[in-house]
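Report on one structure; see the data block that follows.
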Amino acid sequence: MPLTNLFKHWTFQVFSPGTVLREKYEAFKSLLNADKKAHELMAELEEIYHSNAKVDFKVIENKYDVFAKCVGGIIEDLGRMSPSRYLDLKDYFKKFDFYIKFMLAPPAFKFSPPFTLPLSEIPLDNPVMSGNKAQNLAMAAQKLQLPIPKGFVITTNAFYYFIEFNNLRKVIDDILVRLDVDSIASIDDAAVQLTEKIMCARIPPDIEEAIFQTLGSIEWDNGHDIRLALRSSAVAEDSQSSFAGQYRTVLNVARNEIINAYKAVIASKYCASALFYRISYGLSDIETPMAVLVLEMIDAEASGIIYTRELENSNSNSSRMQIHSVWGLGESLVGGEQSSDTISIRLQKEQTPQIIEKKIRTQATQMVFSKDSGTKIVSILEEKQKQASLDDGSALKLAEWGIKLEDFFTEAQDIEWCKDQQGQLFLLQSRPLKKEEDHEKTTECLFEDVTHTVLISGGEMACSGIGAGKVFNVEQESDLEKIPQGAVLVARNASPHYVKVIDKLNAVVTDIGSKAGHFSSVAREFGVPTLVNTGNATIAMTQGKEVTVYPEGRTVYDGIVLEMVDSPCARRNLTATSPFMRKLKYIMSFISPLSLIDPHDPCFVSHGVRSLHDIIRFAHEMAMREMFLLGEKRVRKIGGSKKLISDIPMLLYVLDVGGGLRQKPDNKKSDNKKTVEISDLMSIPMTAVLKGLKHPGIHWSDFTHFNWEAYDKIAMNGGIISAESAMLASYAVISDDYLNLNLKFGYHFVILDAICNDQTENNYIQFRFSGGGDDMAKRMLRADFLKGILDRLGFKVSIKSDLVDAELNGEAQNIILQKLDMIGRLLGATRLMDMYLKDSDMVSKYVEEFMNGRYHFATIED
């Protein structure tokens, strides 16, 4: 019987896939979903890193945890697809994951006793239990014999126990993850929620007992009627990150008020400005536990700050020290609410310090104890208002302390002190001086030719640089919610609360305040040009006016002075090198670099991965390759086949692995029919290819498809075949959005693998064409023809002999559909092309004809 009669009725036969094939496809789909999610998370992490975004580090931890699970899932899915290959990917993943989690891991912490420690028993080699402030005081007392108030510390162990006892860890983390640092409302809302959680929580009985036991064991100078000051001593505070003014100090606390005061201090860990500061510095909540100093309250006649080096010239060769002093308690000074007397001291080697300059400010008010509790502001006697708040002898003694402390800690110090009513001096704090020594000036900027009107002349430089923008006047804290990006904040004083908007500010100018204040210290850390104590900023600088602030010149100009703003002396972005960014940079070095780029490179191997991105890239490529190679499998059994009536002359068995065929209504019993219609095909990519194959420009009537190679093998062995033999068939594995097509055109062999859906990043087409019935020269001409078409269609194409490989990745669904349609036309047009192509000129001609809509070449004149 003639072979043409074997194909009296052209049919597609459909049969159910085996378990292995279904599992492989399910693993592939799972891998693609994990790949998509992993890329989204990696993009989010990269955006945070490259845009220097400020988020709580818990956000990084949570995103990485999900990302790592996605990468682990990708490796598992690839293992399900290729069980015996790529086994070393798990080892590389574990290595990268270990390094990242080491950086993300919270410090080891204890919530067991001791919950309190007398200052004399604080360990001097590790501040983890006491915090830096308490440890520095203890060292100054024990090593330098400097006088400090009596007291003790409530340890970080107590803080951790308090959090665990009240089950607050998850509650805190959940609030922090939702916090938007760019929104003042979000910061304030988080602060309200967190502080409320702390204040409503219960102090564990063990901690309360330890506090009162230690309180009773110390011989206080005022006996039973002791008054206390509770001060924060958080881990990381008073170190390279100062947290200046961010935590609460509770003064004049009676014995029976100590528990509530303790909660107030630890609750201040979550106030709005402290949250912003910590997040900006990249410190996690759990690695900044709060210890609390409990000190005997000093009824201060005067208080102040020592900067052991001048801010304007704070390097180690500076020969000047500055002492700032106010009447009464020092909280109004460090809070930016009061200007201070300033005493400059000359430091000379092996010589006694000398006072070289004094600036005495008129001080009309002072902060003092309230009779019952807390503090109050009172007027200073008129005859005392213009007197120096610190005598020369005390100033020189403080200078000697400053020298000792700087030598001991081996760096410039920011020191708090007070003098009681009897004239005795006490050390209250010593921490590294926040200055600008890390950014040495390499260029001297002179602005003698500026012609803009001067609005302000005078004041104190708290932080150098140049900042310009529109004035935003702040009269009350609620005004901060409206402050725009790039504003110049103008206010009566330099409140530490302004820290929560510091990333929006181009500059700060205040009427009063001191460069020794807490906000001034933080401004230097963030590199925000700040001019304080100008006397008239709120009057001279009206809302919305454009100004240029030059703190080093103690000048504010009307308008934007471009030559100043563009100069190398303008504001520097110090947070770009903050601990947050350093930590994130380390983490991203194991996540985002991509060294495996070209799948055809010999180095594109599993042991060549150098990052988690490499693992994702490699696994994705190998997964697609594994699915592509399904087309090379020889399926010999087609049980459960169904016939799809079609007039295209080829045998094609279609394996549905999920949504590739229209489902029967649920109310019908299982369908045992052997045939289905083309309309039952629901596979998007398969339908697109068939559309191309069925294009009216393709002539099937004068060509009968048959797998001659398979037939020859059977015939030569004396076999008897059926027209429906699996040996003669082609195969397609389909789902709703997936196609793996294996076509046998006689001596030709085609593999087409594609995903086509609305997830652009997952879409791809892979195509391979090899073999032929003519000599190698003509087969290579046919390969050139295919390459010419595929190049024009936007594919990346490579040729080896007569083997053509092409791929297209990451295109939108409509583009993939168009390309699959064109590939269908191409397959129909290249059936016997190797038999009538004669030279390269014909190849070029046929390429043009094809692109112009000609798909039947046997009749084209040479």
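The values are calculated or read from the model by the stated rules, or taken from the named source; none is laboratory data. The model shown is predicted, which means the values in this text are computed figures rather than measured ones. Ideal geometry is used to build each Cβ from the backbone, glycine not excepted, and the neighbour counts take in all protein chains shown. In case anyone asks, the SASA skips ligands and DNA or RNA and just uses the protein heavy atoms, side chains included. Shrake-Rupley method; radii C 1.70, N 1.55, O 1.52, S 1.80 Å.
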Response to the item:
Of the listed residues (GLU436, GLU448, GLU460), the one being closer than 30 Å to VAL556 by Cα, under 34 Å from the mean Cα position of the chain (by Cα) and modelled with pLDDT under 90 is GLU436
Discussion item. Please determine whether any residue of the stretch 422-432 is out of contact with any Phe, Trp or Tyr (no Cβ under 6 Å at 6 or more places or on another chain) and at pLDDT below 90.
Written reply: yes
Worksheet item: Is it true that MET139 is in contact with a helix residue (DSSP H, G or I) (Cβ under 6 Å, 6 or more places away or on another chain) and at pLDDT below 95?
Response: no
Worksheet item: Hey, which of the strands (runs of 3 or more DSSP E) in the stretch 293-400, taking only ones fully inside, have at least 2 residues that are more than 47 Å from the chain's Cα centre (by Cα)?
Response: 354-359, 375-379
Discussion item. Could you check the stretch 129-187 and list, in sequence order, the residues that are part of a helix (DSSP H, G or I), open to solvent by less than 40 Å² (accessible area, probe 1.4 Å) and over 15 Å from LYS269 (Cβ atoms)?
Written reply: ALA134, GLN135, ASN136, LEU137, ALA138, MET139, ALA140, ALA141, LEU144, ASN157, ILE184, SER186
Worksheet item: Is there a residue in the stretch 805-821 that is open to solvent by 60 Å² or more (accessible area, probe 1.4 Å) and assigned to a strand (DSSP E or B)?
Response: yes
Discussion item. I need a count of the residues in the stretch 83-112 that are closer than 16 Å to ASP65 by Cα and either part of a helix (DSSP H, G or I) or in contact (Cβ under 8 Å) with a residue 40 or more places away in the chain (or both).
Written reply: 13
Worksheet item: When you go through LEU405, LEU428 one by one, which is the residue that is surrounded by 16 or more Cβ atoms within 10 Å (Cβ to Cβ), of a type in the set (A, V, I, L, M, F, W, C) and assigned to a strand (DSSP E or B)?
Response: LEU428
Discussion item. Tell me the residue from THR195, THR214 that is part of a helix (DSSP H, G or I), within 31 Å of the chain's Cα centre (by Cα) and either modelled with pLDDT of 90 or more or under 21 Å from SER120 (Cβ atoms) (or both), please.
Written reply: THR195
Worksheet item: When both residues are 6+ apart or on different chains and their Cβ atoms are under 9 Å apart, which pairs have a first residue that lies in the stretch 679-694 and is in contact (Cβ under 8 Å) with a residue 40 or more places away in the chain and crowded, with 23+ Cβ neighbours inside 10 Å, and a second that is charged (D, E, K, R) and not in a helix (DSSP H, G or I)?
Response: SER683/ASP656; SER683/ASP736; SER683/ASP737; ILE684/ASP736; ILE684/ASP737; PRO685/ASP737
Response to the item:
Pairs returned, first residue in the stretch 113-126 that is touching a residue at least 40 places away in the same chain (Cβ under 8 Å) and under 11 Å from ILE211 (Cα atoms), second residue that is buried (at least 16 other Cβ atoms within 10 Å of the Cβ) and among the small types (Gly, Ala, Ser), beta-carbon separation under 6 angstrom, 6 or more apart or interchain, are PHE115/ALA158; PHE115/ALA210; THR116/ALA210
Worksheet item: What about GLU481, is it within 21 Å of TYR277 (Cβ to Cβ), among the acidic types (Asp, Glu) and crowded, with 23+ Cβ neighbours inside 10 Å?
Response: no
Response to the item:
Scanning the stretch 535-566 for residues that are part of a loop (DSSP other than H, G, I, E, B), in contact (Cβ under 8 Å) with a residue 24 or more places away in the chain and open to solvent by 20 Å² or more (accessible area, probe 1.4 Å) gives GLY535, ASN536, THR542, GLN543, GLY544, LYS545, ARG554, ILE560
Worksheet item: Would you say TYR86 is surrounded by 15 or more Cβ atoms within 10 Å (Cβ to Cβ), closer than 17 Å to ILE587 by Cβ, at pLDDT below 95 and hydroxyl-bearing (Ser, Thr, Tyr)?
Response: no
Worksheet item: Has the stretch 471-480 got any residue that is part of a helix (DSSP H, G or I) and at pLDDT 85 or above?
Response: yes
Item to complete: Please determine, by comparing only the residues of the stretch 412-425 that are assigned to a loop (DSSP other than H, G, I, E, B) and in contact with an Asp or Glu (Cβ under 9 Å, 6 or more places away or on another chain), which one is nearest to GLY328 (Cα to Cα).
Response: GLN421
Item to complete: Scan (1) out of contact with any Lys or Arg (no Cβ under 9 Å at 6 or more places or on another chain); (2) at pLDDT below 90 for the single condition ILE279 breaks and write down its number.
Response: (1)
